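Single-structure report; data block below.
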């Protein structure tokens, strides 16, 4: 049986020196009469150190694999989710601007003789025609409202509702907005497809495209 | 222990590069969004004034240049009477330096266009 102190000394030595050098020094065989046992113990310590080193290498490999997994399954999907949402909000804002601009342009359909007064008379046919024409130009669509190649829309755009509120005093539009002034209410449905991982996202959602429902109430400037 | 430090260091460098690379995706989109806002305010002025004045045009170019746009071209209807169609077309280059690989940045340029049609509301008495 080896004294505890000796074992501790050998372990300390083996920690300080690489096992190969320990064996070369032949320190165990020549130190004591129980040489074979010591050699065996030396080999065991060497193996322990090798195993520890293997464990360390394994830890490093595990770290790299973990990082790769975190990047692939967490960082990139979260980033693309945020980016996709941001792109959608930018697209929605562009469409909202185009609809607002078109709403205000429908002002032209007000009968000119009433412009200086407080009453509103709308030529509805003219308004529809102006509205469709301008919306098609501003969203880069063909006359039938289907998208041109460089359009923000990915499918045929639908004008869900187009209404004029000539009174506009505490009236509520179909989408629930309280109107205080004469206004043009428009609700347009614009189908868009995701910009990134388009096919995968659409397959997961079970849809051909996402519908952006853009609702804009534009005040009509009368008597200004 | 030493290998762990090295691995952690390399991992941190790669992760930082990846985050920078991803965040830089937002730069052109954000600039285009700002361009839309600038142009929208110009359109509102044009609708009321019945055309694109030289001052408004210069102000728009100035704003866009300050935001980092290059090669800015602005064309717009200069005079329109009530009910006439008007147009504003703005073209510009977005140039910025972008991380293309771990230790290298490359300058990239995108051409962006804003083109809208609207109707003049100015009543000329």
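Any residue in the range A:81-89 that is within 25 Å of residue A:219 (Cβ to Cβ), at pLDDT 85 or above, crowded, with 16+ Cβ neighbours inside 10 Å and in contact with a helix residue (DSSP H, G or I) (Cβ under 9 Å, 6 or more places away or on another chain)?
no
Taking the condition of being surrounded by fewer than 17 Cβ atoms within 10 Å (Cβ to Cβ) and under 18 Å from residue A:151 (Cβ atoms), how many residues in the range A:190-201 meet it?
Looking only at that region, the number is 3.
Here's a check for you: in the range B:84-107, which residue that is surrounded by 14 or more Cβ atoms within 10 Å (Cβ to Cβ) and closer than 18 Å to residue B:17 by Cβ is nearest to the chain's Cα centre (by Cα)?
B:96
Looking for something away from chain A (no Cβ under 12 Å), farther than 20 Å from residue A:102 by Cβ and more than 19 Å from the chain's Cα centre (by Cα) - is there at least one such residue anywhere in the range B:61-71?
No.
Residue by residue through the range A:26-64, note down the ones that are at pLDDT below 70, touching a helix residue (DSSP H, G or I) at 6+ places or on another chain (Cβ under 8 Å) and within 14 Å of another protein chain (Cβ to nearest Cβ).
Answer for the range A:26-64, where residues must be at pLDDT below 70, touching a helix residue (DSSP H, G or I) at 6+ places or on another chain (Cβ under 8 Å) and within 14 Å of another protein chain (Cβ to nearest Cβ): A:56, A:57.
Kindly establish whether residue A:117 is out of contact with any strand residue (DSSP E or B) (no Cβ under 9 Å at 6 or more places or on another chain), at pLDDT below 80 and part of a helix (DSSP H, G or I).
In short, no.
Here is a yes/no grid of residues against (1) without any contact (Cβ under 8 Å) to a residue 60 or more places away in the chain; (2) under 14 Å from the mean Cα position of the chain (by Cα); (3) more than 8 Å from chain A (Cβ to nearest Cβ):
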residue: B:3; (1), (2), (3): yes, no, no
residue: B:7; (1), (2), (3): yes, no, no
residue: B:11; (1), (2), (3): yes, no, no
residue: B:21; (1), (2), (3): no, no, yes
residue: B:29; (1), (2), (3): yes, yes, no
residue: B:35; (1), (2), (3): no, yes, yes
residue: B:38; (1), (2), (3): yes, yes, yes
residue: B:47; (1), (2), (3): no, no, no
residue: B:53; (1), (2), (3): yes, no, yes
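Tell me which residues, restricted to the range A:65-75, are loosely packed, with under 14 Cβ neighbours inside 10 Å and at the interface with chain B (Cβ under 10 Å from one of its Cβ atoms).
A:66, A:68, A:70
For residue A:109, work out the one condition from (1) more than 11 Å from chain B (Cβ to nearest Cβ); (2) within 30 Å of residue B:36 (Cβ to Cβ); (3) modelled with pLDDT under 80 it doesn't fulfil.
Result: residue A:109 fails condition (1) only.
Residue check, residue B:115 against (1) part of a strand (DSSP E or B); (2) at pLDDT 85 or above; (3) surrounded by fewer than 15 Cβ atoms within 10 Å (Cβ to Cβ), all met but one. Which one?
Every condition holds for residue B:115 apart from (3).
Taking the range A:72-92, which residues are more than 14 Å from residue A:197 (Cα to Cα) and either within 8 Å of the chain's Cα centre (by Cα) or not in a helix (DSSP H, G or I) (or both)?
Hit for the range A:72-92 is A:86, nothing else.
Out of (1) at pLDDT 80 or above; (2) more than 10 Å from chain B (Cβ to nearest Cβ); (3) touching a strand residue (DSSP E or B) at 6+ places or on another chain (Cβ under 9 Å), the odd one out for residue A:101 is which?
Of (1) at pLDDT 80 or above; (2) more than 10 Å from chain B (Cβ to nearest Cβ); (3) touching a strand residue (DSSP E or B) at 6+ places or on another chain (Cβ under 9 Å), only one is false for residue A:101: (2).
The values are calculated or read from the model by the stated rules, or taken from the named source; none is laboratory data. Here the structure is a predicted model, which is why all the values come from computation and not from measurement. We place every Cβ from the backbone using ideal geometry, glycine too, and count neighbours over all the protein chains shown.
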